[in-house]
1. Residue 388 fails exactly one of the following numbered conditions: (1) modelled with pLDDT of 95 or more; (2) under 17 Å from residue 291 (Cα atoms); (3) surrounded by 15 or more Cβ atoms within 10 Å (Cβ to Cβ). What is the number of that condition?
2. Name the pairs: first residue in the stretch 396-410 and under 15 Å from residue 297 (Cα atoms), second residue among the charged types (D, E, K, R) and crowded, with 20+ Cβ neighbours inside 10 Å, Cβ to Cβ under 6 Å, at least 6 apart or on different chains?
3. Where residues in the stretch 276-300 are out of contact with any Phe, Trp or Tyr (no Cβ under 7 Å at 6 or more places or on another chain) and buried (at least 19 other Cβ atoms within 10 Å of the Cβ), which of them is nearest to residue 361 (Cα to Cα)?
4. Would you check which residues across the stretch 122-146 are part of a loop (DSSP other than H, G, I, E, B) and either of a type outside the set (A, V, I, L, M) or buried (at least 22 other Cβ atoms within 10 Å of the Cβ) (or both) and list them?
5. When the stretch 101-121 is examined, which residues are found to be loosely packed, with under 11 Cβ neighbours inside 10 Å and under 31 Å from the mean Cα position of the chain (by Cα)?
6. Please state which one of 25, 40 is out of contact with any helix residue (DSSP H, G or I) (no Cβ under 8 Å at 6 or more places or on another chain), of a type in the set (Ser, Thr, Tyr) and under 29 Å from residue 237 (Cα atoms).
7. If residue 31 meets every condition in (1) closer than 20 Å to residue 183 by Cα; (2) out of contact with any Leu (no Cβ under 6 Å at 6 or more places or on another chain); (3) in a helix (DSSP H, G or I) apart from one, which number is that one?
8. Name the strands (runs of 3 or more DSSP E) wholly inside the stretch 270-383 in which the number of residues that are out of contact with any Ser or Thr (no Cβ under 7 Å at 6 or more places or on another chain) and closer than 18 Å to residue 406 by Cα is 2 or more.
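The values are calculated or read from the model by the stated rules, or taken from the named source; none is laboratory data. Small disclaimer: the values here were computed from a predicted structure and weren't measured. Cβ placement follows ideal geometry from the backbone for every residue including glycine, while neighbour counts extend to all protein chains displayed.
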Amino acid sequence: MNPVKASICTIGDEILIGQIVDTNSSMISRALGAIGVRTSHMLSLGDERSEIINLLSNELNSNEIVVSTGGLGPTKDDITKDALAELSGSHAYVKHEEQEAIVHKILKARGLDVLNINLRQALVPDTCEVIVNRRGTAPIMVFRFPTDRFGHPAVLYAMPGVPYETEAALPDVINDIKQHFKLESIYHKTIMTYGLAESALSELIAPWEDSLPADMHLAYLPNPLTGVRLRISLFNAGEDAESRVNARIEALKPLLGDNLYSEQDDTLEAVVGRLLKAKGSTLSVAESCTGGEIAHLITTVPGSSDYFLGSVTSYAPEIKQKILGVKASLIKEKGIVSSAVAEAMAEGVRRVTGSTFSVATTGWADAYGDEHEPAGTVWVGVSGPSGTCSKRFQYKGDRKRNIERFAASALDYLRRYIIK
(Lines give C-alpha, C1' and ligand atoms only; values in the text may rest on other atoms or scores of the structure.)
Protein backbone atom coordinates (compact mmCIF):
# COMPACT_ATOMS: atom_id res chain seq x y z
CA MET A 1 0.00 0.00 0.00
CA ASN A 2 1.34 3.41 -0.99
CA PRO A 3 1.57 5.81 1.95
CA VAL A 4 -0.76 8.80 2.13
CA LYS A 5 1.26 11.97 1.60
CA ALA A 6 0.67 15.40 3.11
CA SER A 7 2.02 18.90 2.59
CA ILE A 8 2.10 21.47 5.39
CA CYS A 9 1.85 25.11 4.35
CA THR A 10 2.25 28.05 6.72
CA ILE A 11 0.78 31.33 5.50
CA GLY A 12 1.77 34.80 6.63
CA ASP A 13 4.30 37.53 5.90
CA GLU A 14 5.30 37.49 9.58
CA ILE A 15 6.84 34.05 9.13
CA LEU A 16 8.78 34.99 6.00
CA ILE A 17 10.33 38.07 7.59
CA GLY A 18 11.29 36.14 10.72
CA GLN A 19 8.94 38.02 13.03
CA ILE A 20 7.59 34.76 14.44
CA VAL A 21 8.93 31.21 14.47
CA ASP A 22 6.89 28.48 12.80
CA THR A 23 6.24 25.80 15.42
CA ASN A 24 3.03 24.58 13.83
CA SER A 25 4.68 22.60 11.04
CA SER A 26 6.69 20.32 13.31
CA MET A 27 3.69 19.79 15.59
CA ILE A 28 1.44 18.85 12.67
CA SER A 29 4.09 16.65 11.05
CA ARG A 30 4.57 14.65 14.26
CA ALA A 31 0.82 14.10 14.55
CA LEU A 32 0.55 13.01 10.91
CA GLY A 33 3.51 10.66 11.20
CA ALA A 34 2.00 8.98 14.22
CA ILE A 35 -0.98 7.79 12.13
CA GLY A 36 1.02 6.77 9.09
CA VAL A 37 0.78 9.92 6.95
CA ARG A 38 4.11 10.96 5.43
CA THR A 39 4.90 14.65 5.16
CA SER A 40 6.33 15.41 1.72
CA HIS A 41 6.79 19.19 2.00
CA MET A 42 6.84 22.00 4.52
CA LEU A 43 6.34 25.35 2.82
CA SER A 44 5.89 28.95 3.92
CA LEU A 45 4.31 31.66 1.80
CA GLY A 46 3.22 35.23 2.22
CA ASP A 47 -0.13 36.99 2.28
CA GLU A 48 -0.60 37.21 -1.48
CA ARG A 49 -3.84 35.83 -2.89
CA SER A 50 -2.67 34.42 -6.22
CA GLU A 51 0.40 32.89 -4.62
CA ILE A 52 -1.74 31.15 -2.00
CA ILE A 53 -4.07 29.74 -4.67
CA ASN A 54 -1.26 28.58 -6.97
CA LEU A 55 0.88 27.00 -4.27
CA LEU A 56 -1.98 25.18 -2.56
CA SER A 57 -3.17 23.92 -5.97
CA ASN A 58 0.30 22.56 -6.72
CA GLU A 59 0.46 20.82 -3.34
CA LEU A 60 -3.00 19.30 -3.77
CA ASN A 61 -1.85 17.95 -7.15
CA SER A 62 0.92 15.92 -5.52
CA ASN A 63 -0.54 15.15 -2.08
CA GLU A 64 -3.75 13.65 -0.80
CA ILE A 65 -3.70 15.98 2.20
CA VAL A 66 -2.71 19.61 2.57
CA VAL A 67 -2.74 21.32 5.97
CA SER A 68 -2.43 25.10 5.98
CA THR A 69 -2.09 27.34 9.01
CA GLY A 70 -2.44 31.09 9.29
CA GLY A 71 -4.11 33.95 7.48
CA LEU A 72 -7.54 33.38 9.01
CA GLY A 73 -7.66 36.44 11.26
CA PRO A 74 -10.25 39.23 11.08
CA THR A 75 -8.05 41.99 9.64
CA LYS A 76 -7.62 43.02 6.00
CA ASP A 77 -4.18 41.39 5.68
CA ASP A 78 -5.70 37.99 6.48
CA ILE A 79 -6.75 36.91 2.99
CA THR A 80 -6.45 33.13 3.19
CA LYS A 81 -10.19 32.51 3.55
CA ASP A 82 -10.97 34.47 0.40
CA ALA A 83 -8.21 32.64 -1.47
CA LEU A 84 -9.62 29.29 -0.34
CA ALA A 85 -13.09 30.32 -1.42
CA GLU A 86 -11.77 31.00 -4.92
CA LEU A 87 -9.71 27.81 -4.98
CA SER A 88 -12.72 25.71 -4.02
CA GLY A 89 -15.18 27.42 -6.36
CA SER A 90 -17.30 28.93 -3.61
CA HIS A 91 -20.00 31.43 -4.56
CA ALA A 92 -21.22 32.45 -1.10
CA TYR A 93 -20.32 32.61 2.57
CA VAL A 94 -22.52 31.00 5.21
CA LYS A 95 -22.64 31.56 8.94
CA HIS A 96 -21.56 28.75 11.26
CA GLU A 97 -23.76 29.16 14.31
CA GLU A 98 -21.65 27.20 16.79
CA GLN A 99 -18.47 29.09 15.90
CA GLU A 100 -20.32 32.41 16.18
CA ALA A 101 -21.45 31.45 19.68
CA ILE A 102 -17.82 30.76 20.59
CA VAL A 103 -16.81 34.17 19.21
CA HIS A 104 -19.35 35.80 21.55
CA LYS A 105 -18.15 33.68 24.49
CA ILE A 106 -14.45 34.43 23.97
CA LEU A 107 -14.89 38.17 23.54
CA LYS A 108 -17.21 38.41 26.53
CA ALA A 109 -14.69 36.54 28.70
CA ARG A 110 -12.03 39.06 27.63
CA GLY A 111 -14.31 42.02 28.39
CA LEU A 112 -14.37 43.08 24.73
CA ASP A 113 -17.22 44.34 22.57
CA VAL A 114 -18.46 42.01 19.84
CA LEU A 115 -17.85 43.82 16.55
CA ASN A 116 -18.94 42.92 13.05
CA ILE A 117 -15.31 42.26 12.16
CA ASN A 118 -15.25 39.57 14.83
CA LEU A 119 -18.52 37.99 13.74
CA ARG A 120 -17.17 37.67 10.20
CA GLN A 121 -14.82 35.02 11.60
CA ALA A 122 -17.78 32.64 11.75
CA LEU A 123 -18.58 33.14 8.03
CA VAL A 124 -17.15 30.35 5.88
CA PRO A 125 -17.24 29.44 2.17
CA ASP A 126 -20.21 27.27 1.25
CA THR A 127 -17.80 24.69 -0.18
CA CYS A 128 -16.27 23.72 3.16
CA GLU A 129 -17.07 21.68 6.22
CA VAL A 130 -16.23 23.11 9.63
CA ILE A 131 -14.32 21.79 12.62
CA VAL A 132 -15.11 24.11 15.49
CA ASN A 133 -12.23 26.07 17.03
CA ARG A 134 -12.97 26.16 20.75
CA ARG A 135 -9.90 28.21 21.66
CA GLY A 136 -10.21 30.93 19.06
CA THR A 137 -12.57 32.73 16.76
CA ALA A 138 -11.56 31.33 13.35
CA PRO A 139 -12.95 27.84 12.61
CA ILE A 140 -11.00 25.06 10.94
CA MET A 141 -12.24 24.75 7.34
CA VAL A 142 -12.19 21.41 5.54
CA PHE A 143 -12.32 21.41 1.75
CA ARG A 144 -12.80 18.04 0.03
CA PHE A 145 -11.93 17.82 -3.66
CA PRO A 146 -13.15 15.06 -5.99
CA THR A 147 -10.80 12.83 -7.96
CA ASP A 148 -11.32 14.68 -11.23
CA ARG A 149 -9.98 17.95 -9.77
CA PHE A 150 -6.42 16.85 -8.89
CA GLY A 151 -6.32 13.27 -10.22
CA HIS A 152 -6.95 11.77 -6.79
CA PRO A 153 -9.18 12.48 -3.78
CA ALA A 154 -7.67 15.42 -1.87
CA VAL A 155 -8.50 17.30 1.30
CA LEU A 156 -7.35 20.71 2.45
CA TYR A 157 -7.49 21.56 6.16
CA ALA A 158 -7.20 25.30 6.83
CA MET A 159 -6.20 25.83 10.46
CA PRO A 160 -5.55 28.98 12.52
CA GLY A 161 -1.98 30.18 12.89
CA VAL A 162 -2.01 30.63 16.68
CA PRO A 163 -0.07 27.56 17.92
CA TYR A 164 -2.20 26.86 20.95
CA GLU A 165 -5.34 26.97 18.82
CA THR A 166 -3.74 24.68 16.26
CA GLU A 167 -2.66 22.26 18.98
CA ALA A 168 -6.17 22.09 20.44
CA ALA A 169 -7.83 21.48 17.06
CA LEU A 170 -5.23 19.01 15.76
CA PRO A 171 -6.80 15.88 17.34
CA ASP A 172 -10.07 16.62 15.50
CA VAL A 173 -8.20 17.02 12.21
CA ILE A 174 -6.33 13.76 12.82
CA ASN A 175 -9.59 11.94 13.57
CA ASP A 176 -11.08 13.27 10.33
CA ILE A 177 -8.09 12.04 8.37
CA LYS A 178 -8.36 8.59 9.96
CA GLN A 179 -12.03 8.43 9.00
CA HIS A 180 -11.50 9.38 5.35
CA PHE A 181 -8.21 7.71 4.39
CA LYS A 182 -6.89 4.17 4.41
CA LEU A 183 -3.62 4.71 6.24
CA GLU A 184 -0.38 2.83 6.33
CA SER A 185 0.22 1.25 9.71
CA ILE A 186 3.38 2.60 11.35
CA TYR A 187 4.72 1.70 14.79
CA HIS A 188 7.18 4.11 16.43
CA LYS A 189 9.35 3.44 19.47
CA THR A 190 11.68 6.05 20.95
CA ILE A 191 14.61 5.59 23.30
CA MET A 192 16.78 8.32 24.80
CA THR A 193 20.57 8.45 25.05
CA TYR A 194 23.02 10.92 26.51
CA GLY A 195 26.79 11.06 26.64
CA LEU A 196 27.65 10.15 23.05
CA ALA A 197 27.70 12.50 20.09
CA GLU A 198 25.52 11.49 17.15
CA SER A 199 28.52 10.40 15.06
CA ALA A 200 30.08 8.36 17.87
CA LEU A 201 26.72 6.76 18.66
CA SER A 202 26.21 5.87 14.99
CA GLU A 203 29.61 4.22 14.81
CA LEU A 204 29.02 2.32 18.07
CA ILE A 205 25.74 0.77 16.99
CA ALA A 206 26.49 0.40 13.26
CA PRO A 207 26.50 -3.45 13.27
CA TRP A 208 23.17 -3.47 15.12
CA GLU A 209 21.68 -0.90 12.75
CA ASP A 210 22.88 -2.83 9.71
CA SER A 211 21.06 -5.91 10.99
CA LEU A 212 17.64 -4.20 11.08
CA PRO A 213 15.07 -5.71 8.71
CA ALA A 214 14.09 -3.75 5.59
CA ASP A 215 10.76 -2.61 7.03
CA MET A 216 12.38 -1.15 10.15
CA HIS A 217 13.99 2.30 10.06
CA LEU A 218 16.22 4.08 12.59
CA ALA A 219 16.33 7.88 12.93
CA TYR A 220 18.86 9.91 14.94
CA LEU A 221 17.34 13.04 16.53
CA PRO A 222 19.98 15.05 18.47
CA ASN A 223 19.10 17.83 20.91
CA PRO A 224 21.49 19.67 23.27
CA LEU A 225 19.10 19.34 26.22
CA THR A 226 18.04 15.73 25.78
CA GLY A 227 20.91 14.05 23.96
CA VAL A 228 20.34 11.82 20.95
CA ARG A 229 16.86 10.41 20.60
CA LEU A 230 16.73 7.14 18.66
CA ARG A 231 13.40 6.49 16.95
CA ILE A 232 12.71 3.08 15.49
CA SER A 233 9.86 2.98 12.97
CA LEU A 234 8.26 -0.18 11.64
CA PHE A 235 6.30 0.35 8.42
CA ASN A 236 3.26 -1.73 7.43
CA ALA A 237 3.26 -2.83 11.05
CA GLY A 238 1.25 -5.86 12.10
CA GLU A 239 0.04 -7.03 15.48
CA ASP A 240 3.55 -8.20 16.34
CA ALA A 241 5.09 -4.73 15.79
CA GLU A 242 5.71 -3.95 19.46
CA SER A 243 7.32 -7.30 20.22
CA ARG A 244 9.51 -7.12 17.12
CA VAL A 245 10.80 -3.64 17.94
CA ASN A 246 11.28 -4.45 21.63
CA ALA A 247 13.39 -7.47 20.68
CA ARG A 248 15.68 -5.22 18.66
CA ILE A 249 15.94 -2.74 21.53
CA GLU A 250 16.91 -5.52 23.95
CA ALA A 251 19.77 -6.38 21.61
CA LEU A 252 20.82 -2.71 21.56
CA LYS A 253 20.89 -2.13 25.32
CA PRO A 254 24.26 -3.83 26.01
CA LEU A 255 25.89 -1.56 23.42
CA LEU A 256 24.48 1.62 24.95
CA GLY A 257 25.10 0.80 28.61
CA ASP A 258 24.27 3.68 30.93
CA ASN A 259 24.18 6.07 27.98
CA LEU A 260 20.59 4.83 27.64
CA TYR A 261 18.46 6.78 30.09
CA SER A 262 14.89 6.13 28.99
CA GLU A 263 12.89 3.79 26.79
CA GLN A 264 10.31 6.44 25.93
CA ASP A 265 10.29 10.01 24.61
CA ASP A 266 11.69 11.66 27.72
CA THR A 267 13.91 14.31 29.30
CA LEU A 268 16.84 14.08 31.66
CA GLU A 269 15.08 16.21 34.26
CA ALA A 270 12.03 13.94 34.25
CA VAL A 271 14.19 10.82 34.62
CA VAL A 272 16.16 12.36 37.49
CA GLY A 273 12.86 13.28 39.14
CA ARG A 274 11.55 9.73 38.93
CA LEU A 275 14.79 8.36 40.36
CA LEU A 276 14.61 10.75 43.31
CA LYS A 277 10.94 10.00 43.99
CA ALA A 278 11.58 6.26 43.87
CA LYS A 279 14.27 6.65 46.52
CA GLY A 280 12.35 9.16 48.62
CA SER A 281 15.30 11.52 48.15
CA THR A 282 15.64 15.27 47.74
CA LEU A 283 17.78 17.52 45.56
CA SER A 284 19.35 20.96 45.67
CA VAL A 285 21.33 22.87 43.05
CA ALA A 286 24.15 25.42 43.09
CA GLU A 287 24.69 27.16 39.76
CA SER A 288 27.24 29.62 38.49
CA CYS A 289 27.69 29.54 34.70
CA THR A 290 24.29 27.93 34.08
CA GLY A 291 22.54 30.85 35.80
CA GLY A 292 19.48 28.93 37.00
CA GLU A 293 18.98 26.77 33.89
CA ILE A 294 19.20 23.51 35.85
CA ALA A 295 16.66 24.65 38.43
CA HIS A 296 14.39 25.83 35.61
CA LEU A 297 14.53 22.44 33.88
CA ILE A 298 13.88 20.55 37.11
CA THR A 299 10.84 22.65 37.97
CA THR A 300 9.25 22.16 34.54
CA VAL A 301 8.49 18.59 35.66
CA PRO A 302 5.06 18.23 37.30
CA GLY A 303 5.44 17.11 40.92
CA SER A 304 9.02 18.36 41.24
CA SER A 305 8.09 19.95 44.59
CA ASP A 306 8.12 16.41 46.01
CA TYR A 307 11.90 16.24 45.75
CA PHE A 308 13.38 19.61 44.75
CA LEU A 309 14.26 21.78 47.75
CA GLY A 310 15.78 24.80 46.03
CA SER A 311 18.80 26.35 44.40
CA VAL A 312 21.46 29.00 44.80
CA THR A 313 22.57 30.94 41.73
CA SER A 314 26.01 31.81 43.03
CA TYR A 315 27.27 33.77 40.05
CA ALA A 316 29.75 36.00 41.90
CA PRO A 317 32.65 34.57 43.91
CA GLU A 318 31.38 36.44 46.97
CA ILE A 319 28.09 34.49 46.91
CA LYS A 320 29.95 31.21 46.57
CA GLN A 321 31.88 32.16 49.68
CA LYS A 322 29.16 33.75 51.84
CA ILE A 323 26.28 31.37 51.15
CA LEU A 324 27.91 28.13 50.02
CA GLY A 325 30.99 28.34 52.20
CA VAL A 326 33.52 28.02 49.37
CA LYS A 327 36.84 29.27 50.73
CA ALA A 328 38.43 32.28 49.03
CA SER A 329 41.79 30.55 49.27
CA LEU A 330 40.42 27.57 47.32
CA ILE A 331 39.16 29.82 44.53
CA LYS A 332 42.49 31.63 44.40
CA GLU A 333 44.56 28.45 44.40
CA LYS A 334 42.47 26.24 42.10
CA GLY A 335 40.62 28.80 39.97
CA ILE A 336 36.95 29.69 39.94
CA VAL A 337 36.36 27.05 37.23
CA SER A 338 37.80 23.91 38.77
CA SER A 339 36.99 20.51 40.17
CA ALA A 340 37.63 21.70 43.71
CA VAL A 341 35.24 24.66 43.48
CA ALA A 342 32.50 22.58 41.82
CA GLU A 343 32.71 20.01 44.61
CA ALA A 344 32.77 22.68 47.32
CA MET A 345 29.67 24.30 45.80
CA ALA A 346 27.83 20.97 45.71
CA GLU A 347 28.72 20.23 49.32
CA GLY A 348 27.80 23.77 50.35
CA VAL A 349 24.30 23.79 48.88
CA ARG A 350 23.64 20.30 50.23
CA ARG A 351 24.67 21.49 53.67
CA VAL A 352 22.54 24.64 53.48
CA THR A 353 19.39 22.86 52.26
CA GLY A 354 19.77 19.47 53.89
CA SER A 355 19.08 17.66 50.62
CA THR A 356 19.98 14.05 49.92
CA PHE A 357 21.74 14.92 46.67
CA SER A 358 23.09 18.09 45.12
CA VAL A 359 24.61 19.17 41.84
CA ALA A 360 26.71 22.26 41.08
CA THR A 361 28.21 23.96 38.01
CA THR A 362 31.06 26.38 37.48
CA GLY A 363 32.40 27.21 34.04
CA TRP A 364 32.97 29.60 31.16
CA ALA A 365 30.00 29.76 28.82
CA ASP A 366 31.39 32.12 26.17
CA ALA A 367 34.54 33.84 24.94
CA TYR A 368 36.01 34.33 28.39
CA GLY A 369 38.28 31.91 30.18
CA ASP A 370 41.33 31.98 32.38
CA GLU A 371 44.76 30.46 32.64
CA HIS A 372 43.26 27.26 33.99
CA GLU A 373 40.35 26.54 31.64
CA PRO A 374 39.31 27.74 28.16
CA ALA A 375 35.90 29.01 27.08
CA GLY A 376 33.28 26.27 26.82
CA THR A 377 34.50 24.44 29.91
CA VAL A 378 32.26 23.44 32.80
CA TRP A 379 33.04 21.52 35.95
CA VAL A 380 30.06 19.67 37.42
CA GLY A 381 30.12 18.64 41.07
CA VAL A 382 27.74 16.13 42.62
CA SER A 383 27.36 15.34 46.31
CA GLY A 384 25.33 12.64 48.00
CA PRO A 385 25.38 9.82 50.56
CA SER A 386 28.25 8.05 48.80
CA GLY A 387 30.49 11.14 48.72
CA THR A 388 31.36 14.02 46.41
CA CYS A 389 32.82 13.86 42.92
CA SER A 390 33.17 16.03 39.84
CA LYS A 391 33.66 15.85 36.10
CA ARG A 392 34.88 18.24 33.43
CA PHE A 393 32.95 18.82 30.18
CA GLN A 394 34.17 20.81 27.20
CA TYR A 395 31.98 22.24 24.45
CA LYS A 396 32.34 24.62 21.53
CA GLY A 397 29.30 26.77 20.88
CA ASP A 398 27.75 30.13 21.55
CA ARG A 399 26.77 31.21 25.05
CA LYS A 400 23.18 29.97 24.88
CA ARG A 401 24.06 26.58 23.43
CA ASN A 402 26.87 26.07 25.92
CA ILE A 403 24.60 26.86 28.86
CA GLU A 404 22.07 24.30 27.59
CA ARG A 405 24.77 21.68 27.21
CA PHE A 406 26.25 22.48 30.62
CA ALA A 407 22.84 22.03 32.26
CA ALA A 408 22.09 18.79 30.43
CA SER A 409 25.54 17.40 31.25
CA ALA A 410 24.99 18.24 34.90
CA LEU A 411 21.63 16.45 34.98
CA ASP A 412 23.10 13.41 33.24
CA TYR A 413 26.09 13.30 35.58
CA LEU A 414 23.69 13.49 38.51
CA ARG A 415 21.58 10.69 37.00
CA ARG A 416 24.59 8.41 36.69
CA TYR A 417 25.62 9.20 40.26
CA ILE A 418 22.17 8.30 41.62
CA ILE A 419 21.96 4.94 39.81
CA LYS A 420 25.48 3.75 40.46
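1. (2)
2. Taking only residues 6 or more apart or on different chains, the pairs are 403/293; 407/293.
3. The residue in question is 287.
4. Result: 126, 127, 128, 133, 134, 135, 136, 137, 138, 139, 146.
5. Passing the criteria: 109, 110.
6. From the options 25, 40, the qualifying one is 25.
7. (2)
8. Answer list for the stretch 270-383: 308-313, 357-363.
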